[in-house]
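Just below is one structure, and these are the notes that go with it.
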Amino acid sequence: MGDDVAEVESAEEARHAGLESDLPEDTVLRAVVEPVESAEVIGTESDVVVRVDKADLAAIAVSARDAGFEMCVDVTAVDYKGKRRTRFEVVVNFMSHQHNQRIRVLASVPEDDTTVPSLVPTYPGTNFFEREVYDMFGISFEGHPDLTRILMPDDWVGYPLRKDFSVGAVPVQFKEANQV
Amino acid sequence: MADEKTTSDLWVAGTEEPDWIVAGTDEGAQVMDRDETEGRLTEQRGTRVVDDFVIDDSVADDERMIVNMGPQHPSTHGVLRLSLELEGETVRRVKPIIGYLHTGMEKMAESLTFLQGGTNVTRMDYLAPLHNELCFSLAVEKLVNIELPPRAHAIRVLMTELNRVSSHLVATATNGMDIGALSIMMYGFRERELILQFFEKTTGLRMNHNYIRPGGVAADLPEGWEDDVAEIVARIRSAMDDYEDLLKENSIWKGRTQGVGIITKAECLAYGITGPTLRATGSDWDLRKSQPYSGIEQYDFDVISGTNCDVYDRYRVRIGEMLESLRIVEQVANSMPGGDYMTDDRKVAPPPRRRINESMEALIHHFKIYTEGFRVPEGEVYVAVESPRGELGCYIVSDGGSTPLRMHTRAPSFANLQALPVMMADSLIADAVASIASLDPVMGDVDR
């Protein structure tokens with residue numbers, strides 16, 4: 001078991017050496033976090049996780065891009081209804097090819113104000129992901145060029161991935177199914 | 001009479017367009033966006049358009065029209081619909097419209113236990129089901145924090161790399177078919193059959209395997225697997241020579257693919273595009289090298305990159321990746337460690353079959369694991385693997401129960417579709433199918 005761990009570690013060192021990333025990890029992270037006042041690093045063991053105020057999402061996207069995170073890999077959301085005081089959480093994944101590093105940014109979004117700044121001006125690739133979050137959770141992205149439903153039909157009522165959107169709320173068209 | 005044209009249903013070309021022309025037809029809206037500012041148009045046409053085709057400025061306005069391609073078009077690889085704004089033969093703008101295959105898998109995942117989750121995710125990207133299972137399993141294992149026996153890792157690498165070959169075979173085959181090279185389509189599917197037969201022998205199914213599960217793999221490799229794998233590797237290697245004869249220097253193929261569907265590295269990064277499309281721009285980004293998983297770093301392989309950012313280079317990258325995957329498969333087969341194929345952590349893995357016959361406790365344990373599932377500690381985790389289409393990520397949030405609070409899949413095809421407007425804007429409509437095929441979108445992965 002111990003040998004395995006040592007092997008993994010040496011492989012990681014070799015990887016870092018091969019990728020000529022001259023900046024140590026914490027410098028990169030500091031460059032992301034420093035310009036944003038509300039940013040707080042909350043986990044670094046396996047994943048680097050940063051928590052920000054929802055108003056600062058656009059700001060941390062800019063600072064992440066300037067710090068060398070070329071790609072915004074993923075934008076999604078979680079509904080913590082009944083688990084946490086603030087109901088939603090927007091989750092953004094940035095990736096840096098030059099530093100070979102990922103950063104995950106979390107921002108809590110309360111139920112009564114589900115508008116967050118859009119990342120599309122900084123990372124155009126978040127366009128589809130933000131539309132998906134809007135479609136599934138009803139979280140609006142301010143500044144998004146085309147915030148419409150993407151997976152569900154345009155006239156759909158409700159947001160399917162919210163916890164209170166119950167499975168089976170839409171009647172099924174099999175008549176026999178109800179005659180048990 | 002000419003004064004009445006505002007109320008007339010007729011419109012004369014060259015005159016000002018009345019409102020009803022752009023408002024809508026029974027085929028849908030005749031504008032593509034609510035907000036059609038110049039900035040929006042620039043964005044839709046890509047941050048920097050580099051393409052082969054120069055548009056003739058003399059195209060008249062009345063040649064501009066919006067045409068729907070799909071969702072039933074044969075070369076959209078499923079139910080993809082593209083709204084194309086055409087000026088004569090030139091594609092001015094493209095808007096992908098998706099959702100026709102949306103089945104709510106992320107919602108369904110919230111009511112399936114972590115053990116059942118594999119049956120769900122394997123149906124997303126149906127051409128690379130094992131990668132989906134691997135990604136999901138790695139995420140669950142990271143949350144539970146269990147170690148896997150080396151044989152489980154090796155089997156996973158063997159199976160996913162074979163899956164990469166079969167997926168790239170389909171990609172190359174259908175890419176050829178869309179452009180009119182029908183022989184490669186027959187050849188590609190013929191060799192894919194070899195791999196699917198091996199999958200069937202190992203997992204019981206040709207697709208949707210649910211073979212890679214949290215804790216290891218569902219079953220050991222079948223008897224005589226060494227010979228099967230050796231035969232697959234040998235036959236696909238020799239078939240690859242045929243593919244090279246068919247396409248590599250084929251002047252029609254090169255004419256249809258070279259300089260077509262260009263997307264630069266900067267655009268790929270901005271739009272979150274990964275996989276062969278990114279590597280065809282000269283990047284050597286491959287998660288198997290940069291953020292390795294399942295011990296894939298111990299095998300010797302190269303990352304294949306292109307230079308010209310076009311459809312031809314994407315095809316070359318896929319051919320190269322197949323050969324590299326076969327190299328990995330060979331190495332795994334030659335160094336397959338012995339031992340168990342499933343972790344012996346009884347919290348996650350059911351007891352072995354023989355124990356159930358001997359022990360009542362084992363039977364109860366078996367029953368409990370398959371009905372209630374196992375509990376996963378509270379936390380959130382994001383794990384990514386290199387699927388044939390790019391970065392496949394799985395984000396799982398657990399609240400400490402036996403089902404995830406949220407399971408999100410970062411689908412590579414979903415993100416890669418955003419490349420279409422960049423690739424196709426200001427190019428010929430005949431090149432559209434080549435561009436779509438070179439992205440290799442799987443609609444199950446896009447819509448989930």
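Each reported figure results from applying straightforward, stated rules to the coordinates on display, with no laboratory input. Because the structure is a prediction, the values reported are computed rather than measured. Because the Cβ atoms are built from the backbone with ideal geometry, glycine has one as well, and the counts that use them run over all protein chains shown.
Miscellaneous remarks
- Residue by residue along B:408-419, Cβ atoms of other protein chains within 10 Å of the local Cβ number 4 on average.
- Which listed pairs, of A:Lys81/B:Lys107; B:Lys347/B:Lys368; B:Lys107/B:Lys142; A:Lys83/B:Lys107; A:Lys163/B:Lys107, have C-alpha distances above 20 Å, in listed order: B:Lys107/B:Lys142
- Convex hull volume of the C-alpha atoms in region B:338-402, normalised per residue: 132 Å³.
- Translational diffusion coefficient of region B:105-423 (Stokes-Einstein, Kirkwood radius from Cα pairs, 37 °C, 0.692 mPa s): 161 µm²/s.
- By the Kirkwood approach, averaging reciprocal distances over each pair of separate Cα atoms, region B:73-219 gets a hydrodynamic radius of 17.4 Å.
- GluC sites (Glu not before Pro) restricted to region B:98-180 and DSSP loop, no more than 16 other C-beta within 10 Å: B:Glu147
- Between helix B:360-371 and chain B there is an angle of about 10 degrees, using the helix long axis and the longest principal axis of the Cα atoms.
- Per residue Cα convex hull volume in Å³ - calculated over region B:298-445: 173 Å³
- Anisotropy class of region B:241-343 from Cα gyration tensor, a/c 1.5 cut: oblate
- Sparse-neighbourhood loop sites, GluC sites (Glu not before Pro) in region B:344-424 - DSSP loop, at most 16 other Cβ within 10 angstrom: B:Glu372, B:Glu378
- Number of partner chain Cβ atoms within 10 Å, mean per residue of B:388-398: 2
- Peptide A:73-81 is shielded by partner chain Cβ atoms: per residue, an average of 6 of them sit within 10 Å of its Cβ.
- Coordinate range along principal axes, alpha carbons of region B:161-241, Å, largest first: 44, 25, 16
- Residue with peak Gaussian network fluctuation, chain B [Cα springs, cutoff 10 Å], from B:Gly379, B:Gly224, B:Gly259: B:Gly224
- Alpha-carbon centroids, region B:328-376 and region B:107-126: separation in whole Å: 20 Å
- Distance distribution note for region A:20-153: the fraction of Cα pairs above 23 angstrom is 30%.
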